[in-house]
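As structure tokens, the structure follows; a few thoughts come after it.
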Amino acid sequence: MIFQRNLGEHAAALRAGEYSSVELTQHYLERISRYDRRLNSFITLCADQALAQAAAADTLLATDAAQTMPLLGIPFAHKDLFCTQGLRTSSGSKMLDTFISPYDATVVEKLAQAGMVMLGKTNMDEFAMGSSNETSFYGPVRNPWQTERVPGGSSGGSAAAVAARLVPAATGTDTGGSIRQPAALCGITGLKPTYGSVSRYGMIAFASSLDQAGPMAPAAADCAQLLQAMAGFDARDSTSLQREVPDYSATLHTPLNGVRIGLPKEYFGEGLESGVALQVEAALKLLVAAGATLVDISLPNTALAVPAYYVVAPAECSSNLSRMDGVRFGHRCKNPVDLEDLYKRSRGEGFGAEVKRRIMIGTYVLSAGYYDAYYLKAQRVRQLICDDFRHAFTMVDVIAGPTSPTTAFKLGDKADDPVTMYLSDIYTIAANLAGLPGISLPAGFSDGLPVGLQLVGNYFSEGQLLQLGHQLQQQSDWHLQLPEEYLAWQ
Amino acid sequence: MSLQSRDVEYIAHLARLAIDASEVPQYAQSLSSILDLVDSLNSVNTETIAPMSHPLAMAQRLRPDLVDANPGETGRDQFQAHAPQVSDGLYLVPRVVE
């Protein structure tokens with residue numbers, strides 16, 4: 001089926017004239033119109049713009065320029081947190097429901113330059129704050145594997161859309177697991193790069209020292225291609241890394257002989273569902289069969305990652321979201337009596353409950369008298385978590401474990417209990433605190449629901465994470481499976 | 001750490017958030033449970049640990065303080081196209097000075 005093809009196969013078919021970019025774009029738009037009413041994975045579609053981009057790509061495909069543009073003419077979707085000029089950029093919030101961005105994010109610019117065709121903007125937790133996609137102003141996204149379950153979050157729309165093959169790939173962002181956890185819960189591959197690898201310019205900021213954009217697609221090889229186009233130094237992002245972008249696909253086919261995989265005992269303890277543990281072990285066996293060796297390690301401060309995160313991230317979000325004041329853009333309340341009333345009611349009406357909670361936690365931990373006890377303490381603990389990794393990487397090349405302690409949970413199950421929801425990110429958050437790259441790879445199914453294997457690597461080891469992913473995917477077909485009903489329309 | 005309703009009202013004021021009075025007890029409860037989670041940070045001694053400010057221990061990159069793009073009036077109109085209330089290129093808010 002056309003929609004089951006990966007990025008490389010689409011590129012070859014477009015060049016062979018099997019179908020045009022316009023035809024491919026229409027194909028995916030048709031899939032979206034048939035299936036997305038149920039999934040709600042898109043907030044905004046831009047069919048006309050997409051068809052115009054596809055027509056331009058078809059013209060270019062006939063020229064020599066196509067040789068250096070591997071992604072030319074291939075449709076995809078952006079998480080609705082990347083600013084797109086002339087198109088609504090809501091970040092999943094009522095606050096920005098009417099916000100039409102006057103400029104493009106760097107990632108948007110780069111993928112457009114690569115010739116990719118944007119079909120629309122995907123649903124997400126409000127301002128990326130959530131692990132279930134239930135905090136979106138536009139309603140929850142449903143997991144294609146079982147629609148009464150969540151797709152994970154915050155990049156839940158991107159994950160669900162890719163899992164149902166409504167798009168061959170999508171972008172996501174990851175502040176505490178927001179690419180990796182939904183990738184795991186929906187059965188696709190998702191990569192969070194090293195902090196600073198992909199420009200944050202034009203990403204609606206949540207927690208600036210943790211936010212990082214990355215690719216989401218069925219296979220590791222797709223993610224390698226997408227990351228190639230997304231990464232690179234950008235003067236407009238003050239924390240952008242000044243490093244040459246490596247060839248992320250260069251080592252995909254390199255055997256794993258000698259690669260040491262560390263298994264932290266803290267990632268396999270209490271709270272881990274047995275069905276998830278079984279599948280993670282099955283995936284690890286395949287990596288061992290491919291030449292890797294397993295080493296028992298410890299990351300002793302693991303339990304402190306979630307608590308440290310829920311100081312640092314809310315603190316940064318309370319500051320970042322102060323720009324939403326009802327003056328220059330976004331929601332404004334009716335008939336404000338004075339400026340303070342305008343601020344308070346605009347923000348009170350524009351933000352949902354979870355965003356308000358995080359802003360208040362952040363405001364509290366930064367307020368006079370509490371800064372040292374909370375914020376400074378959390379930054380010190382962050383250092384300890386980082387030291388754990390530094391020590392581990394003297395003994396192993398990558399660290400493996402489950403991406404999420406459970407498979408996808410039911411809508412509403414954790415919605416009323418923020419702390420329980422927060423703990424679902426227990427294995428992903430530490431990589432953000434340390435700025436390390438991490439990938440979630442499909443590792444089979446437990447009771448019909450996808451399980452994710454997470455690999456965390458040392459700084460700048462994206463190539464190696466993708467290599468491990470590709471080697472795993474040479475021996476398994478978990479990443480190729482999709483729920484049966486989405487096979488019906490071809 | 002247990003927050004009372006009046007604490008929530010004060011924090012909401014600092015954050016310039018209007019919270020419905022009926023929701024204050026609920027926020028007091030959920031914010032307290034988050035702070036309880038955070039309190040486990042005190043289980044480790046960090047006296048000798050330097051706080052981490054950047055994941056890659058990098059210095060902040062600086063640039064000359066020069067205008068590198070001047071959007072002009074067209075740019076201003078574009079930026080203000082989605083503003084709640086503008087007039088003659090100015091953002092309008094309720095009167096601040098009598």
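Values quoted throughout were computed directly from the atomic coordinates according to the rules given, and no laboratory measurement underlies them. These numbers come from a predicted model, not from an experiment. All Cβ positions, even for glycine, are placed from backbone atoms using ideal geometry, and neighbour counts span all protein chains on display.
So who's got an amide H within less than 5 Å of the one on A:T122, skipping anything under 5 residues away but keeping other chains? H placed 1.01 Å off N, in plane.
For A:T122, whose amide H was placed from the backbone, the distant partners under 5 Å are A:I43, A:H78, A:K79, A:D80.
In peptide B:79-88, how many Cβ atoms from other protein chains are near each Cβ within 10 Å, on average?
Mean shielding by partner chains, rounded to a whole number: 4.
Show me, for the stretch A:190-203, the HN-Hα J-couplings you get by feeding each phi into the Karplus relation (A = 6.51, B = -1.76, C = 1.60, θ = phi - 60°), rounded to Hz, glycine and proline as x.
The phi angles translate into x, 10, 9, x, 3, 3, x, 6, 10, 4, 8, 4, x, 8 Hz.
What does the charge count near A:A305 come to, summing +1 for each Lys or Arg and -1 for each Asp or Glu among other residues with Cβ under 12 Å from its Cβ?
So the environment of A:A305 carries a net charge of -2.
Give, rounded to the nearest 20 debye, the magnitude of the charge dipole that chain B has about its Cα centre when Lys and Arg contribute +1 at Cβ and Asp and Glu contribute -1 at Cβ.
With only Lys, Arg, Asp and Glu charged at Cβ, the dipole is about 200 debye.
Determine ³J(HN,Hα), in whole Hz, for all residues of the stretch A:5-11 in sequence, where each value follows from phi through the Karplus function 6.51 cos²θ - 1.76 cosθ + 1.60 and θ = phi - 60°; x replaces Gly and Pro.
6, 8, 4, x, 5, 4, 4
Count the net charge of all other residues whose Cβ sits under 11 Å from the Cβ of A:L191, scoring Lys and Arg as +1 and Asp and Glu as -1.
So the environment of A:L191 carries a net charge of -1.
Let me know the charge dipole size of the stretch A:135-294 about its Cα centre in debye, to the nearest 20, where only the beta-carbon of Lys, Arg (+1) and Asp, Glu (-1) is charged.
Approximately 120 debye in magnitude.
For the stretch A:11-90, what does the relative contact order come out to in percent, with C-alpha contacts under 8 Å and a separation of six or more?
38 percent
Compute the signed sum of charges (Lys and Arg +1, Asp and Glu -1) over the other residues within less than 15 Å, Cβ to Cβ, of A:S93.
+2
Provide the per-residue ³J(HN,Hα) series for the stretch A:379-385, in order, calculated from phi with Karplus coefficients 6.51, -1.76, 1.60 and θ = phi - 60°, each as a whole number of Hz, with x at glycine and proline positions.
5, 6, 5, 4, 4, 5, 5
Rounded to the nearest 500 deg cm²/dmol, what is the calculated helix-only ellipticity per residue at 222 nm for the protein assembly as shown, with -39500 (n - 2.57) per DSSP H run of length n ≥ 4?
Theoretical 222 nm ellipticity from helices: -11000 deg cm²/dmol.
Could you size up the charge dipole of the protein assembly as shown around its Cα centre, putting +1 on the beta carbon of Lys and Arg and -1 on that of Asp and Glu, and report it in debye to the nearest 20?
Here the protein assembly as shown has a charge dipole of around 200 debye.
Would you give the gap between the C-alpha center of the stretch A:86-139 and the C-alpha center of the stretch B:42-63, rounded to a whole Å?
The stretch A:86-139 and the stretch B:42-63 have Cα centres separated by 31 Å.
Quick one: compute the contact order of chain B, relative version, from alpha carbon pairs under 8 angstrom and 6+ residues apart, as a percent.
20 percent
How well do other chains shield peptide A:344-351, expressed as the mean number of their Cβ atoms within 10 Å of each residue Cβ?
4
What does the structure give for A:418-424 when I average, per residue, the other chain Cβ atoms found within 10 Å of the residue Cβ?
Counting Cβ atoms of other protein chains within 10 Å of each residue's Cβ and averaging gives 2.
Tell me which of A:T147, B:L14, A:V451 sits at the most positive position along the dipole axis of the protein assembly as shown, charges placed on C-beta atoms (Lys, Arg +1; Asp, Glu -1).
B:L14
Need one number: % antiparallel among DSSP beta bridges in the protein assembly as shown, to the nearest 5.
DSSP beta bridges in the protein assembly as shown are roughly 75 percent antiparallel.
Could you list A:S91, A:S446 in order of exposure, starting from the residue whose Cβ has the fewest other Cβ atoms within 10 Å?
Final ranking by Cβ density, sparse to dense: A:S446, A:S91.
Given an 8 Å cut-off on Cα distances and at least 6 residues of separation, report the relative contact order of chain A as a percent.
Rounded, it is 18 percent for chain A.
Does anyone have the angle between helix B:24-38 and the longest principal axis of chain B? Alpha-carbon axes, 0 to 90°, nearest 10?
Long axis of B:24-38 versus the principal axis of chain B: about 70 degrees.
Taking amide H positions as placed in the peptide plane 1.01 Å from N, state which residues far from A:S404 in sequence (5 or more) or on other chains have amide H under 5 Å from it.
For A:S404, the qualifying residues are A:G452.
What is the set of long-range amide H partners of A:V117 at a cut-off below 5 Å, with H atoms built 1.01 Å from backbone N?
Under 5 Å from the amide H of A:V117 lie the amide H atoms of A:G73, A:I74, A:F76, each far enough along the sequence or on another chain.
Based on other C-beta atoms within 10 Å, arrange B:S2, A:S208, A:S158, A:S197 from fewest to most.
Taking fewest neighbouring Cβ atoms as first place, the list is B:S2, A:S208, A:S197, A:S158.
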